[in-house]
Structure formats: C-alpha cells, structure tokens
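Every number here is computed from the coordinates shown, using simple stated rules; none is lab data. Note that this is a predicted model, so its numbers are computed, not measured. Positions of Cβ are generated from backbone atoms using ideal geometry, with glycine treated the same way; all protein chains shown enter the neighbour counts.
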Amino acid sequence: MTLSCLESRERLLDRRGVARPEDLDLLAHLDVCGECAGFARRTAAVSESLSGLPRRPAPQELDGLVVAALQAGHRQDRAVGGLRGLSRLPVPAELAGRALDVQPRDARAPAVLDRLVDEDLRDQTAAMARRFAGRLERRPAPRVLRDRLEHFAPAPLRSTRIRRILLAAAGVTLLLAAGGVWLLVRGAGQGGPDRDFEVRYESSLDALDPMARSLLAGLSGGLVDTGAKRRL
Amino acid sequence: MKDLLDTALDRCRIARCIGLLALCAAPLGGCGSSVDAGPSPGSNAQNATAGSPPPPFLDNIPDAPTRVAYGGQRHVLVHYTVAGAPSTLEYDENVWSDGHGNFTIVPGQVTSPPMTTEQAQFFAILQESRDGFFYRHRDFRIRDLRLFLQNWSVSDTGQQETVAGRVGSVLEFRRIGGAATWYRAWIDPQTGLVLRAEERDAGGQLVSRVEFSTFTLTPDFTGVALHGDRFAPTPLDSLTDTTAKIGFQVRVPSILPKGYRLESAEGLNDGTGNWARLAYGDGVEQVFFLETHLPPGQGGGTTPTDVDIGPKSVRIFRVGPWTVLQGRFNQDRVIVLGKVDETSLLRMLKSAIH
C-alpha cells in the first residue's frame with residue numbers, strides 16, 4: 001500500500017515525527033519523498049523541544065472546573081469531538097520553521113491571562129456565578145419575601161396604596177387632558193360658520209366649480225345643464 | 001331657450017364638459033358595500049320596518065339593477081328649486097341591463113324645458129356621457145342594506161299597483177330622525193327592481209319621479225351598446241399617504257353627518273389636475289367630499305365670478321334637496337355635496353380642514 005503525502009504526515013504527527021520499524025509503508029514513502037522526510041525531521045525536532053520543557057502540575061481546582069463544565073452539558077466534550085472530527089491539515093513549512101527558531105523556554109502566556117486565571121482560582125464561587133448565573137431562569141420572589149420587604153422597607157417602598165392612588169390620579173388627569181383636547185377639536189369643528197370661514201350664500205350657479213357642477217348635474221338628472229340659473 | 005346652449009358653451013367647451021361628466025359617470029368603487037362587515041342583512045330587516053314585518057324582497061333591492069336582466073323606457077321628472085327659483089326637467093330615457101353588470105341608458109325626448117333641436121342634441125350628448133352616474137347614483141336605491149336598516153324606516157302601505165305592466169308593492173321610506181325629503185317606491189317583489197320612485201318634501205310635494213313606462217324582463221339587446229364601467233377611477237386608501245397616487249394627501253373629514261359611513265375613496269383627473277373623491281352613504285343617500293391641491297402660485301383669485309374666492313371662504317349653493325359647499329383653504333380646493341343640512345356639511349368640511 002502506498003501512502004499519500006497527507007496520510008504520511010498524519011502518521012508522522014501521531015509518531016511525533018519518528019517512524020516506527022513496523023511503519024513500512026511510511027518508511028517507503030519517506031524514502032522517495034524528500035518533502036515529507038523534511039516534515040518528519042521538523043516534527044521530530046519540535047516534539048523533542050516540547051518534551052524537554054519542565055512539567056507543571058495542574059491546579060487542584062481544575063477538577064472542579066472540569067466537573068462544572070461537564071454539568072453544563074458536556075459542551076467541551078462535544079466541542080472536542082467536533083474538533084477531532086475535522087480533518088487535519090499539515091502545518092505549513094514556514095510555521096514549522098518559525099517554531100524551531102523560537103526558544104521554547106521564552107514562550108509564556110500573557111500576564112493578563114495569568115491574572116485572570118489566578119483570580120478565578122482564588123474565588124471560584126464568584127467565577128462560577130459570573131459564568132452561569134446569567135443563564136439561570138428568572139423566578140418570581142416568594143410572596144412571603146415581598147411581604148417582609150414591605151414590612152421592613154422604608155415608607156416609599158411600603159406605601160403601595162399611596163402609589164396606587166397616585167397612579168389613579170395621574171390617569172384621571174390624563175383623561176381630563178385628553179377630553180379637553182377632544183372638546184377643543186370638536187368645538188373647532190362645530191363652531192359657527194363666521195368663526196372660521198367667510199360664508200357666502202350664492203343665488204346663481206355661475207360660480208360653481210366645474211367639478212361640482214358636473215357632479216351635481218349627474219345627481220340632478222341634468223337639471224343644472226338646462227339653463228335653470230338664467231331664471232334667477 | 002337659446003340661452004341654454006349659449007350658457008353651456010360659455011361655461012365650458014363641449015369636450016371638457018363631457019370629460020368632467022364622464023368623470024362623474026365613473027362608478028364609485030365599493031358602492032353598495034359597507035366599510036365594516038356586519039351581520040347578514042336579512043337578519044336585521046325586521047328592525048327597519050315601522051310595525052309590520054319587512055317585505056321579503058328587501059334584500060334583493062341593492063343588487064337588483066346589476067343582477068336582473070331587463071329593459072324598458074323610463075320617464076324622469078325633476079322639480080327642483082334652484083336658489084329659490086323653481087325649475088322643471090322632464091324627459092324620457094331607455095334603459096337596458098344584461099344582469100351581469102352591463103347596462104346603458106339612451107336619452108330620449110325632452111318634454112321640459114322646451115329645447116331647439118340643437119339644444120336637445122347637445123343635452124343628449126351630456127346625458128349619454130353620464131349614464132353610468134345616473135344608473136348608480138341618480139335614482140332611489142338601497143345601496144347598503146345594513147346602513148339602510150340603521151338609518152331608515154320602511155312602511156309597507158299594503159297597496160299593490162301596476163307600473164308598466166308589472167305589479168309593484170308600494171313602500172314608503174323615511175330617514176329616522178327626519179330629513180328634508182322622503183321616498184315612495186313601487187318595488188317589483190319578484191326582482192327587487194324599483195319600478196317607480198317618488199321623492200317628496202316634508203309637505204308632500206313631489207320633488208322628483210323616475211318611473212318605467214314600458215318594462216320587460218326579456219329585453220332584446222340587438223343594436224344596444226351595453227357597457228360596464230366606462231372609466232375606472234384610482235382606488236385610494238384615505239387612511240394612508242395618497243401623495244404617490246394623486247400628488248397630495250387627502251384631508252379626510254373626521255366628523256360626518258349622522259348615520260353616514262365612508263363608502264369609497266377614489267382619485268380622478270379632470271384634465272387640469274387630480275382630485276380625491278370620497279363618497280359617504282347612509283344606506284340610501286350619499287355625501288361627496290372632493291378635494292384637489294393647487295400647484296404653488298395658482299389660485300387666490302377674488303373676482304366675483306371666479307370659482308376660487310380665496311382662502312378660508314366657503315360658497316354655499318342650493319339645488320333642490322342638494323346643498324353644495326365650495327371653498328379653498330391655502331392650496332386646497334374642497335367641495336362637499338349632499339342631501340343633508342348645511343350645518344352638518346360645514347361641520348364635515350371643518351373637520352377635514354382642521
């Protein structure tokens with residue numbers, strides 16, 4: 001069986017860059033493919049560099065966080081499963097080269113990340129509350145709690161009756177204002193003719209608008225077109 | 001009578017007259033339909049009658065002119081007082097309907113006033129151009145049964161009289177709360193058609209009458225040019241911005257004569273500008289509110305014969321039972337027309353302007 005370059009590099013990542021004696025197909029490919037052979041060397045160098053770093057124990061609180069995360073619906077598991085389901089892409093040669101140029105011991109997390117992690121670890125309760133409290137369903141306070149608050153709270157909070165009276169008074173005021181506006185508008189519509197318009201009573205149809213004349217002619221059966229106005 | 005033709009020609013050229021009349025002849029969309037849906041008309045018919053049960057054909061009256069195929073000759077008589085002077089118009093006309101919304105009215109001989117041949121021909125042209133308006137708005141008709149039942153009372157006289165060979169039930173219709181005029185109508189119980197209708201004033205004097213002199217339910221349409229809506233006005237939604245359709249925002253009256261509801265809102269063009277025409281009805285009668293917006297720089301004339309008498313001025317005309325209010329407010333020309341009292345029309349006008 002002949003491996004492709006992609007399959008060979010995936011196998012090399014699994015082997016940390018060093019092919020095992022039983023990987024005959026991989027060894028055969030590396031013998032004929034110089035690029036994959038170079039990839040194997042770079043991967044082995046990175047793996048060796050990383051494996052030389054001092055190991056740090058995981059914080060004991062990490063277990064609690066993991067448990068909390070699992071209780072939140074195993075999202076991490078699903079995320080990791082999803083990531084694992086993705087096809088692996090080969091590391092670009094330029095990136096691998098840069099990784100080799102960097103001194104591993106100089107690599108460290110930003111200071112702010114250290115501080116945030118430290119704060120979370122020192123006050124786990126607050127951290128948990130920040131992360132999960134916002135997702136909780138809001139529940140109404142028990143009636144007994146409300147009664148106690150009203151009993152011990154200052155007067156403005158306790159005087160529900162007064163507030164209701166004030167609300168009712170405001171409503172009545174609004175209604176009166178609306179009624180006043182309505183009466184003003186209605187009064188404007190019902191006012192005498194001489195208040196708003198100059199009204200003229202015509203004794204002839206000469207000044208009748210052509211549109212009104214045609215409409216009136218249709219409604220009167222044509223009477224206004226028979227010269228009736230001449231009799232005035 | 002030469003004045004008749006001279007006057008008409010002085011007022012407007014024939015083409016423009018016909019154009020305007022044709023605009024009026026354009027149907028009012030939604031006529032006969034109420035703004036808000038209500039219970040089935042027949043369920044309330046009892047409430048409109050004065051004591052006796054309602055005639056069962058009441059439900060058929062609104063749709064009969066467009067639902068029934070018929071033909072015949074009608075005699076029209078109008079006794080109107082125009083600004084205190086009595087005037088009479090009397091003529092014949094032939095009417096056909098195919099029962100599917102198509103109809104026509106062909107003017108016939110004019111009995112009164114006397115006219116020369118030339119005058120009669122000109123008058124016939126005008127009449128023919130507005131036959132659609134006659135058919136829909138001139139004659140007595142229950143246009144909206146639900147509104148009618150709210151605003152009118154029906155009295156069945158119990159009489160059966162023959163009109164043009166058809167036996168009709170004689171009913172009297174009066175506006176609840178009173179009105180200047182009332183109607184007596186001879187209704188064909190089989191079709192719901194109005195065979196004869198008389199409008200009378202409070203003293204019982206005849207104001208107008210339209211009656212069939214010949215009538216058939218099997219008309220011969222040979223050579224008859226039936227038509228539906230000659231002109232289709234632009235429907236308007238008066239509650240929204242009408243600027244895009246007619247170039248200005250309609251001032252919708254907020255106070256209406258008692259019992260009236262909006263029936264239709266349409267945009268028209270009279271050749272010089274766009275108009276908005278709002279039609280309100282009480283089930284039988286109609287009030288029209290028309291408005292146009294003058295371009296900047298136009299209007300404002302104050303000469304006595306000018307149609308436009310200046311801002312915040314209203315002219316009031318009386319033609320028979322009709323009252324016409326005509327005014328200009330800034331750049332808006334407004335016309336309100338209806339068979340209601342002047343105060344109600346003024347109130348309606350003010351509510352639109354304010």
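Here A:120, B:220 are placed in order of increasing Cβ neighbour count within 10 Å, fewest first, which gives B:220, A:120.
With a Förster radius of 41 Å, plug the Cβ-Cβ distance of residue A:109 and residue A:2 into 1/(1 + (r/R0)^6) and report the FRET value to the nearest 0.05. The calculated FRET efficiency here is 0.45.
Take every Cα-Cα pair in the range A:1-72 and report what % of them are more than 16 Å apart. Intermediate results must be reported in sequence, preceding the final value.
Details: 1482 of 2556 pairs.
More than 16 Å apart: 58 percent of the Cα pairs in the range A:1-72.
Distance between the modelled labels on residue B:73 and residue B:220, one decimal in nanometres: 1.5 nm (7 Å Cα→Cβ projection). Evaluate the Debye formula for the range B:156-236 with equal point scatterers sitting on the alpha carbons, no solvent, and hand back log10 of I(q)/I(0) at q = 0.15, 0.20 Å⁻¹, in q order, two decimals. Debye output, listed in q order: -0.73, -0.94. What the Cβ-Cβ distance of residue A:25 and residue A:68 gives, at R0 = 60 Å and to the nearest 0.05, is a FRET efficiency of 0.85. Per residue of peptide B:317-329, the mean number of Cβ atoms on other chains within 10 Å of the residue Cβ is 5. Rounded to the nearest whole Hz, the Karplus-based 3J(HN,Hα) values (6.51 cos²θ - 1.76 cosθ + 1.60, θ = phi - 60°) of the range A:112-119 follow the sequence 5, 5, 4, 5, 5, 5, 5, 5, with x at glycine and proline.
Computed about the Cα centre, the dipole magnitude for the range B:189-276 is approximately 200 debye when only Lys and Arg (+1) and Asp and Glu (-1) carry charge, each at its Cβ. Here the gap between residue B:106 and residue B:254, fully extended at 0.36 nm per residue and compared with their Cα-Cα distance, gives a gain of 49.3 nm. Label separation (residue B:243 vs residue A:172): 4.4 nm, computed from points 7 Å beyond Cα along the C-beta direction. Counting beta carbons within 10 Å around each of B:111, B:240 and listing the fewest first gives the order B:240, B:111.
Evaluated with a Cβ-only charge set (Lys, Arg +1; Asp, Glu -1), the range B:55-168 carries a dipole of roughly 260 debye about its Cα centre, given to the nearest 20. Near residue B:281, within a Cβ-to-Cβ distance under 10 Å, what is the net charge of the other residues, with Lys and Arg +1 and Asp and Glu -1? For residues surrounding residue B:281, the net value is -2.
The alpha carbons of the range B:124-281 stretch over 53, 47, 27 Å along the principal axes, in descending order. The Cα atoms of the range B:223-264 give a gyration tensor whose axes a ≥ b ≥ c have a/c of 1.5 or more with a/b no greater than b/c, which makes the shape oblate.
Put in order of Cβ neighbour count within 10 Å, fewest first, the listed residues A:113, B:236, B:195 become A:113, B:236, B:195. In this structure, the amide hydrogen of residue B:234, modeled 1.01 Å from its nitrogen in the peptide plane, lies closer than 5 angstrom to those of B:267, counting only residues at least 5 positions away or on a different chain. What the Kirkwood sum gives for the range B:84-162 is a hydrodynamic radius of 15.7 Å, with every pair of different alpha carbons counted.
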